[in-house]
Structures are given as structure tokens and as C-alpha cells.
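Quick notes on the structure that follows.
The values are calculated or read from the model by the stated rules, or taken from the named source; none is laboratory data. Just so it is clear, the model here is predicted, and its values are computed rather than measured. Here the Cβ is made from the backbone with ideal geometry for all residues, glycine too, and neighbour counts use every protein chain on show. Keep in mind that these areas ignore ligands, DNA and RNA; they rest on the heavy atoms of the full protein, side chains included. Shrake-Rupley method; radii C 1.70, N 1.55, O 1.52, S 1.80 Å.
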Amino acid sequence: MYDEREQSPEHGPLAGFTVGVTAARRADELGALLERRGAAVLHAPALRIVPLSDDSELLAATKEIIGRAPDIAVATTAIGFRGWVEAADGWGLGEDLLERLRGVRILARGPKVKGAIRAAGLTEEWSPASESMAEVLDRLLEEGVDGLRIAVQLHGEPLPGFVESLRAGGAEVVGVPVYRWLPPEDIGPVDRMIDALVARTLDAVTFTSAPAAASLLSRAEERGLLDDLLAALGHDVLPACVGPVTALPLQARGVDTIQPERFRLGPLVQLLCRELPSRARTLPVAGHRVEIRGHAVLVDGGLRPVPPAGMSLLRALSRKPGWVVSRAELLRALPGAGRDEHAVETAMARLRTALGAPKLIQTVVKRGYRLALDPAADTKYDAAV
């Protein structure tokens with residue numbers, strides 16, 4: 001019999017799972033973090049970023065701030081703040097911008113932004129420990145913003161309610177769009193991502209910006225696949241967002257997401273390392289511990305990649321552990337198998353070979369197949385079925 005204490009798997013916690021990455025920026029970093037933990041990664045940037053130096057809107061906002069100083073400036077991201085200063089340098093306006101900001105009260109969203117502000121020779125007045133824009137907004141409104149001119153560094157994502165609340169409080173708000181999102185030039189990878197989500201060949205999909213989530217939903221709607229996509233995200237594919245702002249477009253469609261406590265890529269990956277294995281089906285079968293993951297199976301802790309057809313059969317059997325599943329029902333579980341039950345036999349033979357333990361699946365003559373659930377587990381799983 002198997003003993004969980006004896007298992008010392010060499011694979012990572014995400015081995016056997018496939019994770020989608022929709023990020024345009026830092027996608028390589030996120031993909032590497034996932035792959036180092038064993039995941040297969042499908043990358044489809046849902047957006048592209050307009051380079052700062054080419055952005056006429058940022059140039060106009062920069063000139064407006066130099067021409068008339070704000071009372072307060074809110075810096076939201078380190079990369080955005082650095083990019084703004086670098087773009088201003090490129091336009092020959094860098095010194096003028098920094099000189100203007102030296103006389104301004106600067107609020108920074110978090111420690112990374114503080115570092116960027118200080119690297120530019122400036123000093124922030126305050127930064128929230130929570131790294132939350134909501135806390136920044138609360139502080140401003142408590143102090144009172146009526147009649148104040150406030151520059152807000154935007155970062156490609158909507159800041160829901162932030163600008164509107166400041167204006168409602170009587171402030172004049174100048175938005176500083178440090179970079180803008182546009183649809184990708186090649187929509188093919190996004191379409192392949194949507195197809196994979198709808199087909200449930202992804203186990204999770206990550207979002208690091210609200211525009212990326214909105215773009216994916218919009219493209220699915222254009223293709224007539226929005227309902228199918230929402231169904232997949234609601235039940236079978238785990239949507240993971242780097243933070244609550246990123247999750248808003250999904251939540252607006254009724255999709256629940258998971259989010260790390262700290263809004264960073266590392267904690268996002270760590271969260272997936274906990275959540276995905278916990279969703280895997282684990283069964284005691286023929287004296288072995290069998291854990292069914294997205295595109296692979298752990299048999300006594302050893303990773304066994306399984307072809308897609310075999311995974312379809314194994315999932316159908318695992319839904320009725322220990323019970324006989326007919327060939328006709330298994331045929332329906334095979335994608336594109338047609339009406340020939342011989343396809344079931346062929347896929348079953350390959351599945352048994354892939355698992356490396358043929359006795360896990362029993363053939364019941366003239367009836368079908370069953371997982372050889374250990375006798376001690378029969379009562380438990382019979383009740384569940």
C-alpha cells in the first residue's frame with residue numbers, strides 16, 4: 001500500500017498543470033516563475049503597450065504640469081514614474097518637470113514607487129503601508145481636496161472611483177497617462193488562449209492588469225464565445241489576478257477570482273502553487289495514490305504525463321470511482337471520437353501505458369471499465385456518488 005510520508009517527488013508543485021499568461025509586461029518573468037515550479041505555460045499577450053516617448057497624451061500632460069504646478073501628485077507605479085521622467089528627458093523637459101515636482105506634495109502608493117521618486121531626487125510626503133490606492137484616497141478625502149489641483153499618475157488600468165471621488169470632493173484632477181494599452185497587433189495567440197480556456201485545456205489563467213482581462217472578455221464576445229468563456233472561468237479554469245483592481249472586469253461578469261495578499265508576481269505564483277494542487281482529484285486505487293492533474297497524473301508521487309484523450313477517459317472514470325463506466329459513455333467523453341467504440345480501446349491502452357500501472361483500470365467484460373478503487377475506500381466514494 002502507498003504511504004504519503006514516503007513520497008519525495010522531484011517535480012515542482014505545479015507539475016502537470018497548464019497555466020495561461022495574459023500579461024504583456026513582465027510576461028517572461030511570470031512565465032519563468034511558473035515553469036520553475038513545473039507548470040506548462042501558454043502565453044498570449046492580450047494587449048500591447050504604447051512606448052512612453054511616442055505618447056502624445058503623456059507629452060501634453062507633462063507640459064500642462066510644468067506650465068502650472070499641481071498642489072499634490074500621486075505616484076502609483078515605480079516603472080510608470082521612472083518612465084515618465086525618462087520620457088520627459090527625451091523631450092528635453094526632464095529638468096523642468098523635476099523642478100516643478102520639487103515644490104509639490106507627493107504621495108506614493110508603495111515602497112517601489114518611493115524608491116523611484118527618491119532616485120529622481122524627489123521626496124515623498126507619505127505612503128500607505130497597505131500599498132492600496134483606497135488608503136491614498138481615504139487620506140486625501142479626510143484632509144479635504146476642495147479647490148486643490150491634483151496630478152494622478154495613471155498606469156494603463158482604470159482607477160475605479162479614485163479620480164471621480166477626488167473630483168466629487170472639489171479637486172481639479174490632471175491625469176498623467178504614463179503608458180497606454182492597445183489591442184495586440186497579432187490577435188492569433190489571444191484566440192488560441194480563448195479556445196484553450198473554452199476547451200478546459202488550461203487549469204488556470206493569470207491576469208496582471210485590468211485592461212488585459214477586459215480585452216480577453218471583449219475578444220471572446222466578438223467571437224461569440226463569451227458565455228462559454230465565462231462558464232469555463234466560473235467552474236473549471238481558475239482565474240488568478242495579481243490584485244483587486246485587476247479582477248474588476250471579471251467580477252463585473254460574475255467571475256470569482258483568487259488574489260494574493262501582496263499584489264506581486266511572486267505571491268501570485270505561490271498562491272497558484274497552493275490552490276491548483278488542492279483542486280486535483282486524489283484517489284486510492286489498486287494500492288497506489290493517484291492524483292489527477294491537468295495534463296498529467298501523479299502515481300505515488302511520480303509524474304506521469306498523459307495524452308489528452310487519456311486524460312478525458314481518466315476524468316470520466318474518476319467521476320464514478322469504483323463504478324463501471326460504459327464504453328458508450330467513455331466514447332462521449334473523448335473529444336472528436338465519432339461513433340467507433342474502438343477509439344475507446346485505443347485511448348485506454350495508451351492511458352494504461354502512460355500511467356505505468358495497468359491494474360489501476362480494470363476491464364469489465366461486455367460492460368466497460370472501472371477504476372480499481374481500494375476496498376477500504378468503497379463506502380466513502382459509493383456514498384459520494
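Here are the numbers for the structure shown:
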| item | result |
| --- | --- |
| Part-to-part distance (alpha-carbon centres) for the stretch 29-49 and the stretch 138-203, which is given in Å | 22 |
| Linear extension gain, His342 paired with Arg68, 0.36 nm per residue minus alpha-carbon span | 90.9 nm |
| Size of the stretch 89-171 as Cα extents on the principal axes (Å, biggest first) | 35, 27, 25 |
| Accessible surface of Glu143 - all protein chains present, 1.4 Å probe, nearest 10 Å² | 90 |
| For the stretch 155-248, accessible area per residue (1.4 Å probe, heavy atoms of protein chains only), Å² | 38 |
| Principal-axis tilt of helix 27-36 within the chain, Cα atoms, nearest 10 degrees | 40 |
| 27 Å Cα cut-off, lysine pairs counted over the chain (separation 8 or more, or different chains) | 7 |
| Protection proxy ranking, peptides 145-152, 359-366, 14-21, 198-205, average beta carbon neighbours within 10 Å, highest first | 14-21, 198-205, 145-152, 359-366 |
| Separation of alpha-carbon centers, the stretch 318-348 and the stretch 97-133, rounded to whole Å | 61 |
| Mean accessible surface per residue for the stretch 308-368, computed with a 1.4 Å probe while every protein chain stays in place, in Å² | 56 |
| Helix-derived mean residue ellipticity, 222 nm - over the chain, DSSP H n ≥ 4, -39500 (n - 2.57), to 500 | -13000 deg cm²/dmol |
| Lys/Arg +1, Asp/Glu -1 at C-beta; the chain dipole; positive extreme among Thr363, Gly144, Thr62 | Thr363 |
| Folded to 0 to 90 degrees: helix 342-355 orientation relative to the chain principal axis, Cα | 70 |
| Length released on extending from Lys112 to Arg192, taking residue separation times 0.36 nm less the Cα-Cα span | 25.3 nm |
| Carbon and sulfur %, accessible surface of the stretch 250-385 computed with the full protein complex present, 1.4 Å | 51 |
| Within the accessible area of the stretch 1-129 (1.4 Å probe), percent carbon and sulfur | 46 |
| Packing rank of 290-296, 34-40, where each peptide gets the mean count of other beta carbons within 10 Å, highest leading | 290-296, 34-40 |
